[in-house]
Amino acid sequence: MAELTLTTFDWVPELPRGFVRDLRVRWALEEAGLPYRVASVPFGDRKPEHFAHQPFGQVPWLTDGDLSIFESGAILLHLGQLSAALIPPDPRGRSEATEWVFAALNSVEMASLPWALFKFTGNASDTPGWKFLDDFLKLRLKHMEAALAGREWLAGSFSVADILMSDVLRLVDRFEGLAEYSACRDYVARATARPAFVKARADQMAHFAAADSRAG
């Protein structure tokens with residue numbers, strides 16, 4: 001197997017730490033027990049080489065031999081081809097995991113991310129724009145609550161779909177947006193109690209803290 005290299009920022013401000021999306025990839029790699037190394041690119045001075053790997057100047061991306069893959073969902077689907085711990089090997093399980101990957105990114109995160117950005121920036125106020133975003137997210141959470149009722153994981157066994165969906169919901173929970181959705185809260189709690197998540201988050205926090213130490 002070629003060496004897997006995960007690239008993330010060398011540093012980010014305090015607020016997004018623990019939520020930068022390289023965590024999703026770290027988590028998957030830890031779940032699968034795949035060896036990897038972490039590389040860094042500057043947060044403040046994004047050079048042409050960065051955009052060559054990630055056209056929007058974001059992170060993460062993963063290199064696997066001569067492959068360079070950006071977008072966390074695409075990376076996790078690629079890793080799922082390398083380990084049955086990430087995507088069930090049977091056709092039905094693989095199909096269910098894949099559809100929930102897209103649901104996490106296209107049906108839930110498209111509602112949760114604008115909502116969270118308003119929360120991050122302190123602009124969650126009594127305006128028509130905010131009410132629209134809040135109602136839109138609540139509708140999606142209502143559907144997720146029903147989908148998660150009586151279900152431990154989305155595709156039978158734990159998979160990349162759960163990494164993505166729980167991470168999407170985790171950001172909502174950060175701002176107490178899951179207060180009325182007990183199945184969603186319990187699902188996030190189950191996922192984030194997994195040792196692979198605990199290690200992935202700790203490693204990300206240590207990565208950015210090391211940058212603070214070097215700068216100080």
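Where a number appears in this text, it was derived from the coordinates with a stated rule and is not lab data. Worth saying up front: this structure is predicted, and the values here are computed from it rather than measured. Positions of Cβ are generated from backbone atoms using ideal geometry, with glycine treated the same way; all protein chains shown enter the neighbour counts.
Brief remarks on what is shown
- Of all DSSP beta bridges in the chain, antiparallel share, percent nearest 5: 60 percent
- Unit Cα scatterers, Debye sum, the chain: log10 I(q)/I(0) for q = 0.08, 0.12, 0.18 Å⁻¹: -0.29, -0.65, -1.39
- Whole-Hz ³J(HN,Hα) from phi, Karplus 6.51 cos²θ - 1.76 cosθ + 1.60, for segment 152-158, glycine and proline x: 6, 10, 6, 10, x, 8, 4
- Lys pairs under 25 Å by Cα in the chain, provided they are eight or more residues apart or on distinct chains: 4
- Neighbour-count order for L76, L67, L148, fewest beta carbons within 10 angstrom listed first: L67, L148, L76
- Rel. contact order, % - alpha carbon contacts under 8 angstrom, at least six apart, the chain: 25 percent
- Hull-based mean projected area of segment 91-194, where the convex hull spans the alpha carbons, in square nanometres: 6.3 nm²
- Of the DSSP H helices in the chain, those whose Cα atoms cover at least 27 Å axially and whose Kyte score averages -0.5 or more: 128-148, 195-215
- Neighbours of I87, meaning other residues whose beta-carbon lies under 14 angstrom from its beta-carbon, give a summed charge of -3 when Lys and Arg score +1 and Asp and Glu score -1.
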